[in-house]
Structure formats: C-alpha cells, structure tokens
C-alpha cells in the first residue's frame with residue numbers, strides 16, 4: 001500500500017534537489033530516437049515493401065538475447081507474465097528517478113509548457129505511475145514516453161488542452177463520427193494473459209489523419225483509467241482487414257497508416273503484441289508500413305495472419321485470444337454498433353459529471369436540451385426527455401404556490417444535469433452552455449404551453 005509520507009518526501013525532494021549536474025546516463029537503445037516528436041519522423045522510402053519490413057523485423061529479432069526472445073514469444077502467444085511488484089520504496093524511488101530523467105531530456109517543449117500551465121497536472125502521482133508501469137519502472141523510458149505524451153497532445157489538441165483530460169466534449173464532429181463508427185476501440189475483453197484487446201477494423205469511409213489520431217488518443221487515455229491492471233499488463237492489438245478494396249476505406253490514407261502506430265509511443269499503455277489479419281494480398285503493402293512504423297521493441301511483437309476471417313480467428317485462438325469476444329462476423333462486419341454507442345454514451349455521461357463543463361461543444365449529447373425553434377430542436381432526444389420531465393411534474397407545478405414553482409422548475413433542470421445533460425444555445429457552428437436563468441425560461445415556457453394545451457388558466 002502507498003505510504004502518503006513517501007509522497008510528501010517525493011514532493012519535497014522535487015523542490016530541493018538540484019539535478020542540473022546529475023550523472024545519470026540514459027539507457028536508451030542506440031538506434032531509438034530521443035526526440036519527443038514522433039508524428040514528424042520521415043517515412044522510409046521502402047516502408048510499404050513487405051520484404052523490407054520482414055527484413056527489418058528479422059534484424060531486430062537477431063539483436064535479442066535468448067531471454068528476450070522467449071519474452072517476445074510469450075507476449076505474442078498470450079502467455080501470462082508476472083508484472084513488477086510495486087513496493088512503497090520502488091514507487092518512491094521511481095518517481096524521483098522519473099523526475100531526474102525528465103529534467104535531463106533535451107527535447108521537452110510541450111511538457112515544459114504544461115508544467116508552467118498546471119504543475120499539479122503534470123506531477124500527479126497516479127498519472128506518472130501509469131507511465132512508470134508502462135515501462136516496467138524504467139525511469140528513462142517512462143520519462144521519454146511522458147514528454148512524448150504531451151508533445152502528441154499539443155500536436156493534436158493545442159496548448160489549451162495540454163493540462164486537461166480529453167473528453168468527448170473536446171472532440172469535433174468528424175472526431176465523434178469516427179469514434180462512434182466502432183472501427184477502432186478497446187473492447188471489454190481480455191486475452192489469456194489478461195491484456196485488454198484493442199480492435200481495429202476497416203470501415204467503408206476515409207477519415208483525415210488527425211481525426212483518427214485524436215479518436216485514438218481519446219480511447220487510449222480513457223482506457224488506461226479503467227483498471228490499474230491495464231497499465232501493468234498492457235494491451236494486444238488486432239488489426240482486421242477483411243475486404244479486398246483499400247480505396248475508399250478507412251485504410252486509404254498512407255499518412256495515417258504511418259502515424260497511427262506512433263500513438264503507442266506516447267500513451268500510458270504499452271503494446272504487448274499486435275496481430276495483422278487480412279484476407280487478400282491487397283493489404284500487404286499497408287501492413288508492411290504498419291510494421292515499419294512500429295517502434296523497434298514492438299516490431300518483433302507483430303504477427304501476420306492471412307486467410308478468411310474464420311481462419312484468422314482460429315490462428316488468434318492459438319495466440320491466447322478468444323475469437324468470440326471480437327464483434328466481427330464471418331463477412332468482416334461489425335456486429336455491435338448499437339452496444340458500442342450505448343457504452344460511449346454512458347462514458348460521456350460520466351465525463352459530464354466528473355469534469356468541468358466546457359465553454360463550447362461541437363457535438364451535442366443525447367441528454368442535452370437544445371435551445372431554439374424548429375423541428376431539428378424538437379426532435380432532439382434531450383428535448384423530448386425535457387418535455388416528458390415537464391409533463392410528469394405538471395400537476396405538481398400547477399398545485400405549487402407562486403414562490404414554489406421555481407423549485408419545481410429547478411427539479412427538472414437538476415434531472416437533466418443528473419443525466420449528464422446541458423441546456424445548450426448555438427454559438428456560431430458550436431454550442432455553448434446556457435445559464436440557469438435561460439434554462440428556467442425554457443422550462444417555464446414548456447409549462448405554459450401545457451397549460452394552454454390543457455385549457456387551464
């Protein structure tokens with residue numbers, strides 16, 4: 001169990017310790033980039049060449065020791081592996097070591113900006129522990145992953161979002177469409193080793209690179225908070241391309257194919273293994289680029305499966321993944337769109353209750369009440385629910401004394417907000433939360449409408 005006194009010591013040491021002359025030497029692999037920026041790394045000219053990709057992986061495998069090769073074999077076959085035992089002393093020393101390593105990293109512009117904006121956010125103990133767990137408490141690797149995290153966040157969401165957890169209210173319309181498409185997400189399912197499964201599947205739509213990257217970043221950051229064991233065990237990726245047409249699909253974007261694997265280098269969940277499944281040779285070039293884009297430690301954890309969907313699934317079974325937990329049928333179609341949407345809606349409902357209300361929102365929630373006139377406003381689900389709330393309390397409202405009617409109206413406003421809803425008014429092409437006074441006017445207008453409709457005074 002964590003000893004709070006150790007955290008106090010850690011905080012004091014951060015203030016007192018001078019690390020400018022530290023003699024700690026990074027233990028990063030010679031051939032691994034030290035840059036915080038990963039999305040801008042150049043694409044090799046032969047990135048989509050299958051033979052070149054396989055040669056690259058063979059080269060990385062040849063560099064491994066016998067013990068490391070055995071570890072890779074266990075990872076790709078879903079054989080459970082013991083994770084680090086977290087003692088109070090290990091946590092304490094690792095947090096100190098992490099800060100030292102951050103201080104000596106030369107490229108940490110985005111992290112430094114975040115540190116100035118909100119040091120409590122960047123130094124949050126649980127947040128930092130997730131990065132340490134991700135790298136098996138290797139302080140240098142955890143520091144590099146952490147500064148890459150903030151660089152990615154700056155690239156994808158801008159400076160204003162650097163020290164805020166990303167929610168669905170922070171995503172734009174295209175991001176939300178991609179998120180709810182079900183094409184790429186973490187399942188509520190685990191392999192034999194207890195690692196959460198990340199499913200990525202081709203859908204008949206082309207998305208912009210940053211749209212998919214923002215969606216992916218959101219999914220990673222939401223998933224790492226689900227369970228500490230996810231931080232300790234990592235995840236296994238399953239990339240499915242069941243069709244034979246790349247053009248016009250979600251994979252018809254070479255820039256995205258190159259950059260998407262880079263997300264794994266700046267989030268607090270590590271990739272234990274990735275399985276690339278495809279039914280025709282049309283996908284060979286794209287999968288070669290995926291393998292080339294992976295970080296060197298992850299390249300050797302990549303396996304390719306070819307054949308029909310069912311044949312690929314049987315091969316996955318041999319790697320510790322139960323095909324019944326993957327919501328794809330024999331035709332390669334996603335089978336749980338509705339269930340997935342419900343999960344995302346519940347997730348958004350919880351976010352609304354946990355995080356501060358955003359000043360503007362691009363995509364209204366199904367629980368929101370839209371203020372305005374016309375059919376689009378009236379048919380919105382949140383408006384329908386509001387009318388039902390008003391109808392359910394109409395008699396109570398009519399019986400209430402003049403001074404008590406406002407309390408009844410507030411009951412309705414609280415009911416909307418209790419479900420994660422907001423009263424929204426249009427603000428250009430976005431939506432802004434309305435004040436309580438405006439919400440009261442809306443509820444009062446509905447009560448007056450019911451009174452006229454019922455012929456009461």
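The values are calculated or read from the model by the stated rules, or taken from the named source; none is laboratory data. Computed from a predicted structure; not experimentally measured. Glycine gets a Cβ as well: all are built from the backbone with ideal geometry, and neighbour counts include every protein chain shown.
Among the residues of the range 87-108, which ones are free of Cβ contacts under 8 Å to residues at least 24 places away in the same chain and assigned to a loop (DSSP other than H, G, I, E, B)?
Passing the criteria: only 87.
Scan the range 297-313 and give yes if some residue there is in contact with a strand residue (DSSP E or B) (Cβ under 7 Å, 6 or more places away or on another chain), at pLDDT 95 or above and more than 24 Å from residue 70 (Cα to Cα), otherwise no.
No, the range 297-313 contains no residue that is in contact with a strand residue (DSSP E or B) (Cβ under 7 Å, 6 or more places away or on another chain), at pLDDT 95 or above and more than 24 Å from residue 70 (Cα to Cα).
Right, residue 457: assigned to a helix (DSSP H, G or I) and at pLDDT below 95 or not? Spell out how you get there, then give the answer.
On the way: assigned to a helix (DSSP H, G or I): no; at pLDDT below 95: yes.
The answer is no for residue 457.
Within the set of pairs 6+ apart or on separate chains, which have a first residue in the range 258-269 that is without any contact (Cβ under 8 Å) to a residue 60 or more places away in the chain, a second that is surrounded by fewer than 23 Cβ atoms within 10 Å (Cβ to Cβ) and not in a helix (DSSP H, G or I), and C-beta atoms under 7 Å apart?
Taking only residues 6 or more apart or on different chains, the pairs are 264/295.
Residue-by-condition table, conditions (1) more than 16 Å from residue 387 (Cβ to Cβ); (2) surrounded by fewer than 14 Cβ atoms within 10 Å (Cβ to Cβ):
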{"position": "403", "(1), (2)": "yes, yes"}
{"position": "409", "(1), (2)": "no, no"}
{"position": "416", "(1), (2)": "no, no"}
{"position": "420", "(1), (2)": "yes, no"}
{"position": "425", "(1), (2)": "yes, no"}
{"position": "429", "(1), (2)": "yes, yes"}
{"position": "439", "(1), (2)": "no, no"}
{"position": "453", "(1), (2)": "no, yes"}
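Conditions first: (1) in contact (Cβ under 8 Å) with a residue 12 or more places away in the chain; (2) over 18 Å from the mean Cα position of the chain (by Cα); (3) in a helix (DSSP H, G or I). Residue 150 passes all but one, so which condition is the exception?
Here residue 150 meets the rest and fails (2).
In the set 273, 193, which member is surrounded by fewer than 21 Cβ atoms within 10 Å (Cβ to Cβ), within 21 Å of residue 78 (Cα to Cα) and in contact (Cβ under 8 Å) with a residue 40 or more places away in the chain? Even if it seems obvious, please write down each step before you answer.
Working: 273 fails: surrounded by fewer than 21 Cβ atoms within 10 Å (Cβ to Cβ).
Exactly one of 273, 193 is surrounded by fewer than 21 Cβ atoms within 10 Å (Cβ to Cβ), within 21 Å of residue 78 (Cα to Cα) and in contact (Cβ under 8 Å) with a residue 40 or more places away in the chain, namely 193.
Taking into account only those residues within the range 374-428 that are touching a residue at least 12 places away in the same chain (Cβ under 8 Å) and part of a loop (DSSP other than H, G, I, E, B), which is farthest from residue 358 (Cα to Cα)?
393
To keep it simple, each residue is scored yes or no on (1) modelled with pLDDT of 95 or more; (2) surrounded by fewer than 23 Cβ atoms within 10 Å (Cβ to Cβ).
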| position | (1), (2) |
| --- | --- |
| 133 | yes, no |
| 148 | yes, no |
| 179 | yes, no |
| 187 | yes, yes |
| 206 | no, yes |
| 222 | yes, yes |
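Just one of (1) farther than 18 Å from residue 292 by Cβ; (2) surrounded by 16 or more Cβ atoms within 10 Å (Cβ to Cβ) trips up residue 38, so point out which.
Among (1) farther than 18 Å from residue 292 by Cβ; (2) surrounded by 16 or more Cβ atoms within 10 Å (Cβ to Cβ), residue 38 violates only (1).
If you scan the range 60-72, which residues turn out to be assigned to a helix (DSSP H, G or I) and under 32 Å from the mean Cα position of the chain (by Cα)? First the steps, then the outcome.
Initially, the range 60-72 is screened for residues assigned to a helix (DSSP H, G or I), giving 60-62, 66-72.
Answer for the range 60-72, where residues must be assigned to a helix (DSSP H, G or I) and under 32 Å from the mean Cα position of the chain (by Cα): 60, 61, 68, 69, 70, 71, 72.
Quick one: how many residues across the range 430-457 are in contact (Cβ under 8 Å) with a residue 12 or more places away in the chain and either closer than 20 Å to residue 373 by Cα or under 31 Å from the mean Cα position of the chain (by Cα) (or both)?
16
Does at least one position in the range 160-167 carry a residue that is within 30 Å of residue 314 (Cβ to Cβ) and in a helix (DSSP H, G or I)? Walk me through it before giving the result.
Applying the first criterion (within 30 Å of residue 314 (Cβ to Cβ)) to the range 160-167 yields none.
No.
Out of all the residues in the range 73-88, which are surrounded by fewer than 16 Cβ atoms within 10 Å (Cβ to Cβ), under 14 Å from residue 231 (Cβ atoms) and over 24 Å from the mean Cα position of the chain (by Cα)?
84
Which residue out of 329, 298 is surrounded by fewer than 23 Cβ atoms within 10 Å (Cβ to Cβ), within 23 Å of the chain's Cα centre (by Cα) and without any contact (Cβ under 8 Å) to a residue 40 or more places away in the chain? If you could, list the steps in order and put the result at the bottom.
Numbers: 329 fails: within 23 Å of the chain's Cα centre (by Cα).
Being surrounded by fewer than 23 Cβ atoms within 10 Å (Cβ to Cβ), within 23 Å of the chain's Cα centre (by Cα) and without any contact (Cβ under 8 Å) to a residue 40 or more places away in the chain holds for just one of 329, 298, which is 298.
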